[in-house]
Amino acid sequence: MLAACGLALLPWLGYLAGTLPPAEAAAWVALDALEAAALLTAGTRLLRADPRHRAPAAAAAVLLLADACLDLATAAPGPELAAAVAMAVAAELPLAALCARLAVRPPRGPVGGR
């Protein structure tokens with residue numbers, strides 16, 4: 001799921017780059033590109049049962065939380081704010097919570113290294 005979310009962000013980067021003013025586009029594309037990289041890294045490591053998924057999952061959680069906060073803080077009142085709230089509640093915050101949980105959960109495997 002994390003890798004799929006990271007892949008889903010890639011076309012979004014193109015949309016942002018093509019529709020926002022250049023200065024805004026640079027900031028939002030950079031933030032979302034970092035989110036995509038963290039989600040893809042965490043997701044592919046989880047698929048391989050690689051315990052090194054924790055750091056990119058933690059990074060994704062922080063980036064998603066920051067994204068939600070910035071979206072809400074910069075949205076104009078009305079439909080733009082409603083869209084920011086919907087994205088935060090339906091996507092960014094639940095995904096950030098999942099990533100945070102994955103970052104702190106104890107490793108799975110045999111107890112005592114057996």
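Each value in this text was obtained by applying a stated rule to the coordinates, not by laboratory testing. Remember, predicted model here, so these are calculated numbers, not experimental data. Reconstructed Cβ throughout: ideal geometry from the backbone, glycine too, with neighbour counts over all protein chains shown.
Taking every Cα-Cα distance in the chain and sorting them into 10 Å bins starting at zero, the pair-distance distribution P(r) comes out as 14, 42, 28, 11, 3, 1 percent. Once the Cα-Cα distance is subtracted from the 0.36 nm per residue extended length, the Val104 to Thr19 segment shows a gain of 26.9 nm. The slack in the chain from Ala91 to Leu7, taken as 0.36 nm per residue of separation less the alpha-carbon distance, amounts to 28.8 nm.
Dipole size of the chain about its Cα centre, with +1 on Lys/Arg Cβ and -1 on Asp/Glu Cβ: approximately 940 debye, rounded to the nearest 20.
Treating each Cα of the stretch 33-100 as an identical point scatterer and ignoring solvent, apply the Debye formula and state log10 I(q)/I(0) at q = 0.12, 0.14, 0.22, 0.26 Å⁻¹. Here the Debye-derived log intensity ratios amount to -0.33, -0.44, -0.83, -1.02.
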